[in-house]
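Notes for the one structure printed next.
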Amino acid sequence: MPEKTMGKILQIAQLGNPILRQPAETVLDIDAPDVQQLLDDLLATLADVGGFGLAAPQVYVPLRAFVMTTYPSQSFPDAPEIAPTVIVNPEILARSEEMEFAWEGCLSIPGLRGRVPRPSAIRARYLTREGQVVEEEFFGVPARVFQHEHDHLDGIVYLDRMENMKDLMTEKEFKKMLS
Ligand code: NI
């Protein structure tokens, strides 16, 4: 078992920074202290800022890892409770033909929301922070979060997935629409 470390709260790269547009590299040694520290830092940073997911390139580290969590929120009242989870070297093995639209935001693109179509279910394979291989199906909000974070590892942001730029709004207008 890798030794547990304390997570640090890291700076989040903002849209326009080239780190968000480059493909990230496979994690080769999951037990390396700097990798385990990164995973703790991702968890600590996500807990600090809130939100459903955070990928390593968003904290300036070009490695294929992210953390995700979901819970009922104003934008996603039906989201299930999923405890913060570490996902390393993810692969999406299959995507449903059925697509779903929902409003997404991104910690690297503050103040905006966009309506993004995504397959409503996926089958994925990834490593836990202990290096165990997991194959899992995700549906609905967790499937969306997984795909959004997985995209960050390929230099893709949700704006690239939008079908219509008219479906982009400020956070302020978005909140008005919900209330
Ligand atoms: Ni994002």
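Between residues in the range 153-169 that are assigned to a loop (DSSP other than H, G, I, E, B) and within 11 Å of the ligand (Cβ to nearest atom) and residues that are at pLDDT 95 or above and among the hydroxyl-bearing types (Ser, Thr, Tyr), which pairs lie under 9 Å by C-beta distance while being six or more apart or on different chains?
Here the result reads Val157/Ser108, each pair linking the range 153-169 to a residue that is at pLDDT 95 or above and among the hydroxyl-bearing types (Ser, Thr, Tyr).
What number of residues within the range 60-83 satisfy the criterion of being surrounded by fewer than 23 Cβ atoms within 10 Å (Cβ to Cβ) and closer than 22 Å to Pro23 by Cβ?
The qualifying residues number 4.
Based on this model, can you work out whether Ala83 counts as more than 16 Å from the ligand (Cβ to nearest atom) and touching a residue at least 12 places away in the same chain (Cβ under 8 Å)? Reasoning before the result, please.
Details: more than 16 Å from the ligand (Cβ to nearest atom): yes; touching a residue at least 12 places away in the same chain (Cβ under 8 Å): yes.
Yes; evaluated as a whole, the condition is true for this residue.
Looking at (1) more than 15 Å from the chain's Cα centre (by Cα); (2) over 22 Å from Pro72 (Cα atoms); (3) more than 14 Å from the ligand (Cβ to nearest atom); (4) not β-branched (Val, Ile, Thr), find the lone condition where Ala124 falls short.
Condition (1) is where Ala124 drops out.
Looking at the structure I just gave you, is Glu135 out of contact with any Asp or Glu (no Cβ under 9 Å at 6 or more places or on another chain) and either of a type outside the set (Asp, Glu) or more than 20 Å from Ala44 (Cβ to Cβ) (or both)? Explain how you work it out, then say what you get.
Numbers: out of contact with any Asp or Glu (no Cβ under 9 Å at 6 or more places or on another chain): yes; either of a type outside the set (Asp, Glu) or more than 20 Å from Ala44 (Cβ to Cβ) (or both): yes.
For Glu135, the condition - out of contact with any Asp or Glu (no Cβ under 9 Å at 6 or more places or on another chain) and either of a type outside the set (Asp, Glu) or more than 20 Å from Ala44 (Cβ to Cβ) (or both) - is met.
Would you list the strands (runs of 3 or more DSSP E) that sit entirely within the range 1-118 and hold 1 or more residues that are over 14 Å from the mean Cα position of the chain (by Cα)?
Per the criteria, 82-95, 99-104.
Among Val116, Val141, which is within 13 Å of the ligand (Cβ to nearest atom), within 20 Å of Ile82 (Cβ to Cβ) and surrounded by 13 or more Cβ atoms within 10 Å (Cβ to Cβ)? Explain how you work it out, then say what you get.
Numbers: Val141 fails: within 13 Å of the ligand (Cβ to nearest atom).
Checking each option against the conditions leaves just Val116.
For the range 84-101, give me each residue that is loosely packed, with under 15 Cβ neighbours inside 10 Å and within 27 Å of Leu15 (Cα to Cα).
Glu91, Met99, Phe101
Identify, from the list Asp41, Asp29, the residue that is farther than 18 Å from His152 by Cα and acidic (Asp, Glu).
Just a single option satisfies the conditions, and that option is Asp29.
The values are calculated or read from the model by the stated rules, or taken from the named source; none is laboratory data. Not measured: the values here are computed from a predicted model. Using ideal geometry, Cβ is built from the backbone for each residue, glycine included, and neighbour counts are taken over all protein chains shown.
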